[in-house]
1. Which residues' amide hydrogens lie under 5 Å from the amide hydrogen of residue 105, considering only partners 5 or more residues apart or on another chain, with H built in the peptide plane?
2. Where a Cα-Cα gap under 22 Å defines reach, which lysines qualify for residue 135, not counting those fewer than 8 residues away within the same chain?
3. What number, rounded to the nearest 500 deg cm²/dmol, is the helix-based mean residue ellipticity at 222 nm of the chain, given -39500 (n - 2.57) per DSSP H run of at least four residues and division by all its residues?
4. Quick one: putting +1 on the C-beta of Lys and Arg, -1 on the C-beta of Asp and Glu, what dipole do you get for region 41-180 around its Cα centre, in Debye to the nearest 20?
5. When only DSSP loop residues count, what GluC sites (Glu not before Pro) in region 1-98 have their Cβ near at most 13 other Cβ atoms within 10 Å?
6. Could you rank 126, 117, 97 by how accessible they are, 1.4 Å probe, largest area first?
7. Would you mind computing Rg(Cα) / (2.2 N^0.38 Å) for the chain, counting N as its residues?
8. 7 Å from Cα along Cα→Cβ at both residue 155 and residue 122: what's the point-to-point distance in nm?
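The values are calculated or read from the model by the stated rules, or taken from the named source; none is laboratory data. The structure displayed is predicted, hence computed values, not measured ones. Every residue, glycine as well, gets a Cβ built from its backbone with ideal geometry; the counts of neighbours run over all protein chains shown. What goes into the accessible areas is simple: the full protein's heavy atoms, side chains included, and nothing from ligands, DNA or RNA. Shrake-Rupley method; radii C 1.70, N 1.55, O 1.52, S 1.80 Å.
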Amino acid sequence: MPKVRGRSIRVLYDAETIASRNIEIARDVAAVGYDNLLVISILKGSFVFAADLIRSLHEAGLSPEVEFITLSSYRTGTVSAGEVTVLRDIDSDVVGRDILLIDDILESGRTIAYAKRKMLERGARRVGVAVLLDKPGKRVVPIEADHVGFTCPDLFVVGYGMDVAHAFRELPFVGVVEDG
(Lines give C-alpha, C1' and ligand atoms only; values in the text may rest on other atoms or scores of the structure.)
Protein backbone atom coordinates (compact mmCIF):
# COMPACT_ATOMS: atom_id res chain seq x y z
CA MET A 1 0.00 0.00 0.00
CA PRO A 2 1.65 3.26 -1.09
CA LYS A 3 2.19 6.05 1.42
CA VAL A 4 1.56 9.62 0.27
CA ARG A 5 2.07 12.57 2.57
CA GLY A 6 2.48 10.05 5.37
CA ARG A 7 -0.93 8.46 4.67
CA SER A 8 -1.65 4.98 3.36
CA ILE A 9 -3.52 4.87 0.05
CA ARG A 10 -5.22 1.64 -1.05
CA VAL A 11 -5.11 1.34 -4.84
CA LEU A 12 -8.48 0.59 -6.47
CA TYR A 13 -7.50 1.09 -10.13
CA ASP A 14 -3.82 1.15 -11.06
CA ALA A 15 -2.30 3.25 -13.82
CA GLU A 16 -2.04 0.37 -16.31
CA THR A 17 -5.68 -0.64 -15.84
CA ILE A 18 -6.83 2.96 -16.27
CA ALA A 19 -4.71 3.42 -19.42
CA SER A 20 -6.15 0.26 -20.98
CA ARG A 21 -9.69 1.31 -20.13
CA ASN A 22 -9.14 4.77 -21.65
CA ILE A 23 -8.30 3.13 -24.98
CA GLU A 24 -11.51 1.09 -24.80
CA ILE A 25 -13.60 4.16 -23.97
CA ALA A 26 -12.06 6.08 -26.87
CA ARG A 27 -12.95 3.27 -29.26
CA ASP A 28 -16.52 3.29 -27.90
CA VAL A 29 -16.73 7.06 -28.39
CA ALA A 30 -15.38 6.76 -31.95
CA ALA A 31 -17.99 4.10 -32.75
CA VAL A 32 -20.86 6.43 -31.76
CA GLY A 33 -20.28 8.69 -34.77
CA TYR A 34 -20.16 12.07 -33.10
CA ASP A 35 -20.03 14.87 -35.68
CA ASN A 36 -18.20 18.19 -35.30
CA LEU A 37 -17.18 16.98 -31.83
CA LEU A 38 -16.43 19.38 -29.00
CA VAL A 39 -15.03 17.72 -25.88
CA ILE A 40 -15.69 19.64 -22.68
CA SER A 41 -13.69 18.66 -19.63
CA ILE A 42 -15.42 19.47 -16.35
CA LEU A 43 -12.75 20.82 -14.05
CA LYS A 44 -11.07 20.36 -11.75
CA GLY A 45 -11.26 16.64 -11.05
CA SER A 46 -11.39 15.42 -14.65
CA PHE A 47 -8.22 17.08 -15.94
CA VAL A 48 -6.00 13.97 -15.84
CA PHE A 49 -8.69 11.63 -17.19
CA ALA A 50 -9.64 14.15 -19.87
CA ALA A 51 -6.03 14.58 -21.04
CA ASP A 52 -5.49 10.84 -21.31
CA LEU A 53 -8.88 10.20 -22.91
CA ILE A 54 -8.41 13.00 -25.45
CA ARG A 55 -5.07 11.48 -26.50
CA SER A 56 -6.78 8.09 -26.77
CA LEU A 57 -9.53 9.70 -28.88
CA HIS A 58 -6.81 10.88 -31.27
CA GLU A 59 -5.45 7.33 -31.48
CA ALA A 60 -9.03 6.14 -32.21
CA GLY A 61 -9.17 8.50 -35.20
CA LEU A 62 -11.05 11.46 -33.72
CA SER A 63 -9.94 15.10 -33.81
CA PRO A 64 -12.20 16.91 -31.35
CA GLU A 65 -11.92 20.50 -30.31
CA VAL A 66 -11.38 20.80 -26.56
CA GLU A 67 -12.87 23.18 -24.01
CA PHE A 68 -13.00 23.42 -20.23
CA ILE A 69 -15.75 24.34 -17.82
CA THR A 70 -15.29 24.67 -14.09
CA LEU A 71 -18.29 23.61 -12.05
CA SER A 72 -18.44 22.99 -8.36
CA SER A 73 -20.79 21.32 -5.97
CA TYR A 74 -18.21 20.17 -3.42
CA ARG A 75 -16.12 23.23 -2.62
CA THR A 76 -13.49 21.92 -0.14
CA GLY A 77 -15.56 19.17 1.48
CA THR A 78 -16.18 15.52 0.70
CA VAL A 79 -19.98 15.72 0.38
CA SER A 80 -21.84 17.53 -2.39
CA ALA A 81 -23.33 20.84 -1.33
CA GLY A 82 -26.32 20.09 -3.57
CA GLU A 83 -26.06 23.22 -5.71
CA VAL A 84 -23.94 23.49 -8.85
CA THR A 85 -22.01 26.70 -9.40
CA VAL A 86 -20.31 27.76 -12.66
CA LEU A 87 -16.86 29.03 -11.75
CA ARG A 88 -15.61 29.28 -15.35
CA ASP A 89 -17.68 28.80 -18.50
CA ILE A 90 -16.65 27.64 -21.99
CA ASP A 91 -15.91 30.12 -24.77
CA SER A 92 -17.13 28.05 -27.74
CA ASP A 93 -20.49 28.23 -29.45
CA VAL A 94 -22.16 24.81 -29.17
CA VAL A 95 -25.11 25.39 -31.54
CA GLY A 96 -25.58 22.35 -33.78
CA ARG A 97 -22.52 20.56 -32.38
CA ASP A 98 -22.03 17.18 -30.80
CA ILE A 99 -20.62 17.52 -27.30
CA LEU A 100 -18.83 14.99 -25.15
CA LEU A 101 -18.72 16.01 -21.49
CA ILE A 102 -15.85 14.42 -19.58
CA ASP A 103 -15.93 14.19 -15.82
CA ASP A 104 -14.01 12.23 -13.24
CA ILE A 105 -16.92 10.71 -11.34
CA LEU A 106 -20.67 10.43 -11.71
CA GLU A 107 -22.07 10.28 -8.21
CA SER A 108 -25.11 12.40 -7.32
CA GLY A 109 -25.54 13.34 -10.98
CA ARG A 110 -26.10 17.02 -10.24
CA THR A 111 -22.99 18.36 -11.95
CA ILE A 112 -23.26 16.26 -15.12
CA ALA A 113 -27.02 16.83 -15.41
CA TYR A 114 -26.48 20.58 -15.01
CA ALA A 115 -23.74 20.68 -17.66
CA LYS A 116 -25.71 18.51 -20.08
CA ARG A 117 -28.84 20.62 -19.66
CA LYS A 118 -26.86 23.85 -20.20
CA MET A 119 -25.29 22.55 -23.43
CA LEU A 120 -28.67 21.41 -24.79
CA GLU A 121 -30.26 24.75 -23.84
CA ARG A 122 -27.47 26.48 -25.76
CA GLY A 123 -28.34 24.49 -28.87
CA ALA A 124 -26.01 21.48 -28.88
CA ARG A 125 -27.22 18.78 -31.28
CA ARG A 126 -26.23 15.91 -29.01
CA VAL A 127 -24.52 15.68 -25.61
CA GLY A 128 -22.74 12.51 -24.54
CA VAL A 129 -21.14 11.88 -21.17
CA ALA A 130 -17.88 10.06 -20.40
CA VAL A 131 -16.84 9.43 -16.82
CA LEU A 132 -13.93 7.55 -15.34
CA LEU A 133 -15.96 6.36 -12.35
CA ASP A 134 -19.66 5.72 -11.86
CA LYS A 135 -21.29 5.37 -8.44
CA PRO A 136 -24.88 4.53 -9.41
CA GLY A 137 -25.97 3.95 -5.82
CA LYS A 138 -25.35 7.61 -4.97
CA ARG A 139 -27.51 9.08 -7.74
CA VAL A 140 -30.03 11.77 -6.74
CA VAL A 141 -30.60 13.05 -10.30
CA PRO A 142 -31.77 10.60 -12.99
CA ILE A 143 -28.81 10.58 -15.41
CA GLU A 144 -26.51 7.91 -16.79
CA ALA A 145 -23.14 8.22 -18.50
CA ASP A 146 -22.79 7.02 -22.08
CA HIS A 147 -19.19 5.93 -21.58
CA VAL A 148 -17.98 4.62 -18.19
CA GLY A 149 -14.51 3.59 -17.16
CA PHE A 150 -15.36 1.70 -13.98
CA THR A 151 -18.29 1.20 -11.64
CA CYS A 152 -16.85 2.34 -8.33
CA PRO A 153 -17.69 1.13 -4.84
CA ASP A 154 -19.20 3.69 -2.47
CA LEU A 155 -15.86 5.03 -1.24
CA PHE A 156 -14.35 8.50 -1.30
CA VAL A 157 -11.60 8.16 -3.88
CA VAL A 158 -8.51 10.22 -4.64
CA GLY A 159 -5.85 10.29 -7.32
CA TYR A 160 -5.80 10.56 -11.09
CA GLY A 161 -7.02 14.15 -10.75
CA MET A 162 -9.45 13.57 -7.88
CA ASP A 163 -8.74 15.15 -4.54
CA VAL A 164 -9.65 15.70 -0.96
CA ALA A 165 -9.26 19.41 -0.17
CA HIS A 166 -6.92 19.79 -3.20
CA ALA A 167 -4.54 16.98 -2.14
CA PHE A 168 -3.66 13.70 -3.94
CA ARG A 169 -4.58 14.85 -7.48
CA GLU A 170 -1.09 13.91 -8.72
CA LEU A 171 -1.38 10.19 -8.05
CA PRO A 172 -1.24 8.05 -11.23
CA PHE A 173 -3.89 5.69 -9.82
CA VAL A 174 -7.29 5.88 -8.13
CA GLY A 175 -7.25 4.94 -4.48
CA VAL A 176 -8.74 5.37 -1.03
CA VAL A 177 -7.04 7.06 1.91
CA GLU A 178 -6.94 4.33 4.55
CA ASP A 179 -5.66 6.22 7.58
CA GLY A 180 -6.41 9.56 9.20
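1. Those lying under 5 Å, H to H, from residue 105 are 132, 133.
2. 44, 116
3. -7500 deg cm²/dmol
4. Numbers: 16 positive and 21 negative charges, 93 e Å.
Once rounded to the nearest 20, the dipole reads 440 debye.
5. Passing both the DSSP loop test and the Cβ count: 83.
6. Ranked from most to least accessible, the order is 117, 126, 97.
7. Dividing the Cα Rg of the chain by 2.2 N^0.38 Å gives 0.99.
8. Calculated label separation equals 3.6 nm.
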